[in-house]
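Everything on this sheet refers to the single structure shown next.
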């Protein structure tokens, strides 16, 4: 069967490590002072995380403009696609999905916007799965339903900087101070697009060790899992997580870096594990 004429548009927070055919990326922005920077093309990521560690003031972020989203959709339609699917980061992190959703009526059914309810590796995998389905010649409804199936199968656990969580208001300052003094590390997970507390563990390495256990708790020992690791500015911890995965007879697929927009929200020292059953994937 020949390829379906369906294009994919997505935002930069998927952090795709390479260009993808039949797609367009709209960039989110980081705002510093009175200037705004596109996160993929106008920011040095190493410098960004260095500044994030050193400065007390956290930058802000902004969505792509609705005009940029509209332009990306039109480009894909002009290339001969009959339809376009928009795959966007969780609406709890950005208004990008909600703005894109408003364009559905404008394109008279030729554009569909999907909230992935995740960021980073989650949307990236959904984009790849959508492209696989398109290459197989699936219909628009079949591709959309497959992406939703993949989205609903995902589990995500991550470890973040307790200082940054306090700066961003996700935990209280007193809680952060106590956590630092006692070397407590908060483990967080994503549920329906929102960040929630999973447990607090004493010691960074002990917290990393809990991440594979979270996957086993949610999926059991029997299922074969597809796992991705995401890091921000702490690449040395990736190998630590890989060792704990091996201890639990698990293996990661890719190692992806978290960019500045989501880094602004979740901070430096972020380490995340994204997982779903391989049977869900094409």
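Residues satisfying the criterion are present in the range 201-222 (criterion: without any contact (Cβ under 8 Å) to a residue 24 or more places away in the chain, touching a helix residue (DSSP H, G or I) at 6+ places or on another chain (Cβ under 7 Å) and surrounded by fewer than 15 Cβ atoms within 10 Å (Cβ to Cβ)). I'd like to check something: does the range 86-97 contain any residue that is crowded, with 23+ Cβ neighbours inside 10 Å, within 15 Å of the chain's Cα centre (by Cα), without any contact (Cβ under 8 Å) to a residue 24 or more places away in the chain and assigned by TED's automatic domain parsing to the domain that holds residue 109? Yes, the range 86-97 has at least one match. Could you count how many residues in the range 98-120 are part of a helix (DSSP H, G or I) and crowded, with 22+ Cβ neighbours inside 10 Å? Matching residues across the range 98-120 total 1. Does at least one position in the range 121-136 carry a residue that is part of a loop (DSSP other than H, G, I, E, B), touching a strand residue (DSSP E or B) at 6+ places or on another chain (Cβ under 8 Å) and either more than 21 Å from residue 270 (Cβ to Cβ) or not assigned by TED's automatic domain parsing to the domain that holds residue 226 (or both)? No, the range 121-136 contains no residue that is part of a loop (DSSP other than H, G, I, E, B), touching a strand residue (DSSP E or B) at 6+ places or on another chain (Cβ under 8 Å) and either more than 21 Å from residue 270 (Cβ to Cβ) or not assigned by TED's automatic domain parsing to the domain that holds residue 226 (or both).
Looking only at the range 206-240, residues that are touching a strand residue (DSSP E or B) at 6+ places or on another chain (Cβ under 8 Å), farther than 23 Å from residue 263 by Cα and assigned to a loop (DSSP other than H, G, I, E, B) come to 2 in all.
Checked against the criterion of being free of Cβ contacts under 8 Å to residues at least 40 places away in the same chain and closer than 20 Å to residue 263 by Cα, the range 98-108 has no qualifying residue.
Filter the range 151-184 for residues that are in a strand (DSSP E or B) and modelled with pLDDT of 85 or more and give the result. Selection gives 155, 156, 157, 158, 159. Here the range 51-71 is the region considered, the condition is being without any contact (Cβ under 8 Å) to a residue 60 or more places away in the chain and over 23 Å from residue 8 (Cα atoms), and the residue that is surrounded by the fewest Cβ atoms within 10 Å (Cβ to Cβ) is 54.
The values are calculated or read from the model by the stated rules, or taken from the named source; none is laboratory data. Predicted, not measured: the structure shown is a model, and the values here were computed from it. Glycine also receives a Cβ, built like all others from the backbone with ideal geometry; neighbour counts cover every protein chain displayed.
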